[in-house]
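Student: The structure follows.
The values are calculated or read from the model by the stated rules, or taken from the named source; none is laboratory data. As the structure is a prediction and not an experimental result, all values here were calculated from the model. Cβ coordinates were reconstructed from backbone atoms using ideal geometry, including for glycine residues, and neighbour counts include every protein chain displayed.
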Amino acid sequence: QHNPHWWGNRNTIVHLFEWQWEDIAEECENFLGPRGFAGVQVSPANENIVSPGRPWWERYQPISYKLITRSGNEEQFADMVRRCNDVGVRIYVDVLLNHMSADFYGQAVGTAGTEADPATKSFPGVPYTAEDFHPSCQIYDWNDRFQIQQCELVGLKDLDQSRDHVRTKLIEFLDHLIELGVAGFRVDAAKHMASEDLEFIYGSLSDLKTEHGFPHNARPFIFQEVIDHGGQEVSREEYNSLGAVTEFRFSQEIGNAFRGNNALKWLQSWGTDWGFLSSGQALTFVDNHDNQRDGGAVLTYKTPRQYKMATAFHLAYPYGISRVMSSFAFDDHDSAPPQNAQEELISPEFDSDGACVNGWICEHRWRQIYNMVGFKNAVRDTPVTNWWDNGDSQIAFCRGSKGFIAINNNLYNLADTLQTCLPAGVYCDVISGDLINGSCSGKSVTVGNDGRAFVSIGSNDFDGVLAIHVDAKL
Ligand code: LM2
Ligand code: CA
């Protein structure tokens, strides 16, 4: 269950964190489809606890499997999936199989109005009763497999996936989403569940629906959240045969490199040589919704110049199943997503350049990022060739004869004649501009008959990247 079932030449997923279903449907039609995005990871679709202030993380506390959340109801969800599939954009749902809600203040109410009593592990909306859960205990030793998998992650009531009833309910929930046309799932907290139980659940799911445009016998794409920085008791290797696994080492190392803690020349061996999973098993990202809040080496929209450089490298280098983060602005871990006085999520609004303005960051609408999604589509199936570096943090490489990228992360200019491997002609740098009606609003690059071109990235240029490809030729 490693095949994401992308359509055509597409190959990048975007996480539209906390977006509403109706807004995602429109984004598929107006932006993601036309720009060549392959799919969307959407926030959890099932009912969650309503918590004071409406932090984003309330959605990681399930109350039932009714498809009613602040993102919308079942009808709106179904409409989104249909409209996105119609324009070749797949939907992957974030699913919580490990746990139900924690108890805060006694009786809980969910986003569909369902009541539950997490303290006694009573969730009538499913229904689950106390016997469907592991006995309560805390995870305090992260080297203890029993605690990691059978105790409560931050107090979240821990389901026992070895029980028939729990398996049946989880399979029904996932099959319902498949019925509505989704292409797969992000499995939250996978490390906190025994891989044998997950294997049973994944293996019991229905095939994807041919009426939603999937081939016969297509299995749902599964990518599992397993945080494994190495030397862990429960490792990514227990899960990677079942589906793709989030490669947190990628996020860490790309952050290190573009923060300047590691010379970019070392990226020549990027991939499995760095201890990452094999390319087809690794779900890769510069940041995700958790680690963008944690600080440390991970880059986020808050350091945009480096973030765009790291993202350009992520999408230019042929390694991994790429996911781009699309955030809302936050100050601290608990900040709520953009909402109105009634605590309803609000829709993104765009300025004349298409950038989001009202609390949504929409990294996926930054030209430097969406144009690299187009680059990745244009260079698909080609190898890295003609690697060049200056012995430090200026690098360049070709993708077959389809694309060329140069990056300058030194504090001095890059101005060199480099081999681009592209057919002779004039190309538009898709980082500094766009090709619109045959003219380039950014730097133009002239490739000679020998494939060489003069490439300039000043240390004071707005962006530290230059990228050209065959689909943006003048
Ligand atoms: C995940 N992957 O394995 C998600 O990516 C991550 O975002 C989730 O944590 C976590 N696992 C559980 O699904 C988030 C958030 C936590 C939050 C939980 C539950 O990062 O801070 O915990 O969701 O909503 C919150 C409070 C915590 C409290 C807990 C239970 O921050 O202090 O623990 O609720 O009330 C007593
Ligand atoms: Ca567990």
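Student: I need a count of the residues in the range 337-356 that are under 26 Å from Tyr370 (Cα atoms) and either part of a loop (DSSP other than H, G, I, E, B) or under 20 Å from the mean Cα position of the chain (by Cα) (or both).
Tutor: Total meeting the criteria: 12.
Student: If you don't mind, there's one more thing I want to ask. Can you report the number of residues in the range 357-400 which are in a strand (DSSP E or B) and of a type in the set (Gly, Ala, Ser)?
Tutor: Within the range 357-400, the first condition is being in a strand (DSSP E or B), and the residues that meet it are 360, 384-389, 394-399.
Right, trim to of a type in the set (Gly, Ala, Ser) and you get 396.
Adding up the residues that qualify gives 1.
Student: Consider the range 174-209. How many of its residues are away from ligand 2 (no atom under 16 Å from the Cβ), within 14 Å of Glu225 (Cβ to Cβ) and either part of a helix (DSSP H, G or I) or over 23 Å from the mean Cα position of the chain (by Cα) (or both)?
Tutor: Adding up the residues that qualify gives 0.
Student: I'd like the full set of residues that are within 14 Å of Pro318 (Cα to Cα), among the polar types (S, T, N, Q) and under 26 Å from the mean Cα position of the chain (by Cα), limited to the range 376-422.
Tutor: Scanning the range 376-422 gives Asn377, Thr382.
Student: Within the range 400-421, restricting attention to residues that are of a type outside the set (Gly, Ala, Ser) and touching a His at 6+ places or on another chain (Cβ under 8 Å), which residue is surrounded by the fewest Cβ atoms within 10 Å (Cβ to Cβ)? Write out each step before concluding.
Tutor: Taking the range 400-421 first, the residues of a type outside the set (Gly, Ala, Ser) are 402, 404-405, 407-414, 416-421.
Now restrict to residues that are touching a His at 6+ places or on another chain (Cβ under 8 Å): 402, 404.
Details: Lys402: 20, Phe404: 31.
Selected residue: Lys402.
Student: If Gln339 passes every condition in (1) touching a residue at least 40 places away in the same chain (Cβ under 8 Å); (2) away from ligand 1 (no atom under 16 Å from the Cβ); (3) more than 19 Å from Ile13 (Cα to Cα); (4) touching an Asp or Glu at 6+ places or on another chain (Cβ under 7 Å) but one, which one does it miss?
Tutor: (4)
Student: Quick test for you: out of Ile178, Ile148, Ile139, Ile227, pick the one residue that is within 22 Å of Asn48 (Cα to Cα) and either surrounded by 15 or more Cβ atoms within 10 Å (Cβ to Cβ) or modelled with pLDDT under 95 (or both). Walk me through it before giving the result.
Tutor: Details: Ile148 fails: within 22 Å of Asn48 (Cα to Cα); Ile139 fails: within 22 Å of Asn48 (Cα to Cα); Ile227 fails: within 22 Å of Asn48 (Cα to Cα).
The conditions single out Ile178.
Student: With the structure loaded, tell me whether Val245 is closer than 21 Å to His2 by Cα, outside any helix (DSSP H, G or I), within 16 Å of ligand 2 (Cβ to nearest atom) and not acidic (Asp, Glu) or whether it fails that test.
Tutor: Numbers: closer than 21 Å to His2 by Cα: yes; outside any helix (DSSP H, G or I): yes; within 16 Å of ligand 2 (Cβ to nearest atom): no; not acidic (Asp, Glu): yes.
Taking the combined requirement at face value, the residue does not satisfy it.
Student: Filter the range 32-61 down to residues that are in a helix (DSSP H, G or I) and in contact with a helix residue (DSSP H, G or I) (Cβ under 7 Å, 6 or more places away or on another chain), then give me how many there are. Spell out how you get there, then give the answer.
Tutor: Kept after step one, since they are in a helix (DSSP H, G or I), are these residues of the range 32-61: 32-35, 56-60.
Narrowing the set further to residues that are in contact with a helix residue (DSSP H, G or I) (Cβ under 7 Å, 6 or more places away or on another chain) leaves 35.
Qualifying residue count for the region: 1.
Student: Given the structure, is Gln1 away from ligand 1 (no atom under 16 Å from the Cβ), at pLDDT below 95 and either of a type outside the set (Lys, Arg) or over 15 Å from Arg186 (Cβ atoms) (or both)?
Tutor: yes
Student: Sticking with this one: For Gly88, are the conditions met, namely being touching a Lys or Arg at 6+ places or on another chain (Cβ under 7 Å) and away from ligand 2 (no atom under 16 Å from the Cβ)? Working first, answer last.
Tutor: Numbers: touching a Lys or Arg at 6+ places or on another chain (Cβ under 7 Å): yes; away from ligand 2 (no atom under 16 Å from the Cβ): yes.
Considered against the rule, which asks whether it is touching a Lys or Arg at 6+ places or on another chain (Cβ under 7 Å) and away from ligand 2 (no atom under 16 Å from the Cβ), Gly88 comes out as yes.
Student: Looking only at the range 213-240, count how many residues are free of Cβ contacts under 8 Å to residues at least 12 places away in the same chain and outside any loop (DSSP other than H, G, I, E, B).
Tutor: Qualifying residue count, the range 213-240: 1.
Student: Sticking with this structure for a sec: I need the full set of residues from the range 151-173 which are without any contact (Cβ under 8 Å) to a residue 24 or more places away in the chain and not in a helix (DSSP H, G or I), in order please. Show your work before the answer.
Tutor: Step one: list which residues in the range 151-173 are without any contact (Cβ under 8 Å) to a residue 24 or more places away in the chain, which gives 151, 164, 168.
If the condition is that a residue be without any contact (Cβ under 8 Å) to a residue 24 or more places away in the chain and not in a helix (DSSP H, G or I), then Cys151 is the only one that fits.
Rundown of residues vs (1) of a type in the set (Phe, Trp, Tyr); (2) over 25 Å from Gln41 (Cβ atoms); (3) within 16 Å of ligand 1 (Cβ to nearest atom), yes/no style:
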{"residue": "Cys151", "(1), (2), (3)": "no, yes, yes"}
{"residue": "Gly155", "(1), (2), (3)": "no, yes, yes"}
{"residue": "Arg167", "(1), (2), (3)": "no, no, no"}
{"residue": "Ala189", "(1), (2), (3)": "no, no, yes"}
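Student: Here's another thing I want to ask about it. Identify all residues within the range 21-57 that are surrounded by fewer than 24 Cβ atoms within 10 Å (Cβ to Cβ) and acidic (Asp, Glu); write none if there are none.
Tutor: Answer for the range 21-57, where residues must be surrounded by fewer than 24 Cβ atoms within 10 Å (Cβ to Cβ) and acidic (Asp, Glu): Glu22, Asp23, Glu26, Glu29.
Student: Also, I was wondering about something else. Just the residues that are out of contact with any helix residue (DSSP H, G or I) (no Cβ under 8 Å at 6 or more places or on another chain) and surrounded by fewer than 19 Cβ atoms within 10 Å (Cβ to Cβ), please, taken from the range 192-206. Let's see the steps before the verdict.
Tutor: Quick first cut of the range 192-206, residues out of contact with any helix residue (DSSP H, G or I) (no Cβ under 8 Å at 6 or more places or on another chain) only: 196, 199, 202-203.
Those that are out of contact with any helix residue (DSSP H, G or I) (no Cβ under 8 Å at 6 or more places or on another chain) and surrounded by fewer than 19 Cβ atoms within 10 Å (Cβ to Cβ): Glu196, Glu199, Gly203.
Student: Next question, about the same structure. Looking at the range 194-204, which of its residues are in contact with a strand residue (DSSP E or B) (Cβ under 8 Å, 6 or more places away or on another chain) and not hydroxyl-bearing (Ser, Thr, Tyr)?
Tutor: Just the residues of the range 194-204 that are in contact with a strand residue (DSSP E or B) (Cβ under 8 Å, 6 or more places away or on another chain), to begin with: 198, 202.
Within the range 194-204, just Leu198 meets the criteria.
Student: In this structure, is Glu58 away from ligand 1 (no atom under 16 Å from the Cβ), modelled with pLDDT of 95 or more, acidic (Asp, Glu) and out of contact with any Asp or Glu (no Cβ under 9 Å at 6 or more places or on another chain)? So that I can check it myself, show each step before the final result.
Tutor: Values: away from ligand 1 (no atom under 16 Å from the Cβ): no; modelled with pLDDT of 95 or more: yes; acidic (Asp, Glu): yes; out of contact with any Asp or Glu (no Cβ under 9 Å at 6 or more places or on another chain): yes.
The answer is no for Glu58.
Conditions tested, residue by residue: (1) among the acidic types (Asp, Glu); (2) more than 13 Å from the chain's Cα centre (by Cα); (3) within 23 Å of Lys402 (Cα to Cα).
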{"site": "Trp270", "(1), (2), (3)": "no, yes, yes"}
{"site": "Gln281", "(1), (2), (3)": "no, yes, no"}
{"site": "Gln292", "(1), (2), (3)": "no, no, no"}
{"site": "Gln306", "(1), (2), (3)": "no, yes, no"}
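Student: Scan Ser71, Ser122, Ser101, Ser64 and give me the residue that is away from ligand 1 (no atom under 15 Å from the Cβ) and in contact with a helix residue (DSSP H, G or I) (Cβ under 6 Å, 6 or more places away or on another chain).
Tutor: On the way: Ser122 fails: in contact with a helix residue (DSSP H, G or I) (Cβ under 6 Å, 6 or more places away or on another chain); Ser101 fails: away from ligand 1 (no atom under 15 Å from the Cβ); Ser64 fails: in contact with a helix residue (DSSP H, G or I) (Cβ under 6 Å, 6 or more places away or on another chain).
Exactly one of Ser71, Ser122, Ser101, Ser64 is away from ligand 1 (no atom under 15 Å from the Cβ) and in contact with a helix residue (DSSP H, G or I) (Cβ under 6 Å, 6 or more places away or on another chain), namely Ser71.
Student: Quickly run through the range 116-150 and pick out the residues that are of a type in the set (S, T, N, Q), over 15 Å from His192 (Cβ atoms) and not in a loop (DSSP other than H, G, I, E, B). Can you show your working first?
Tutor: Keep residues of the range 116-150 that are of a type in the set (S, T, N, Q), which gives 120, 122, 129, 136, 138, 143, 147, 149-150.
Now drop any that are not over 15 Å from His192 (Cβ atoms), which leaves 120, 122, 129.
Thr120, Ser122, listed by residue number.
Student: Which of the residues that make up the range 44-68 are under 21 Å from the mean Cα position of the chain (by Cα) and farther than 17 Å from Leu156 by Cβ?
Tutor: Ala45
Student: Do we have any residue at all in the range 282-302 that's away from ligand 1 (no atom under 16 Å from the Cβ) and free of Cβ contacts under 8 Å to residues at least 24 places away in the same chain?
Tutor: Checking the range 282-302: at least one residue is away from ligand 1 (no atom under 16 Å from the Cβ) and free of Cβ contacts under 8 Å to residues at least 24 places away in the same chain.
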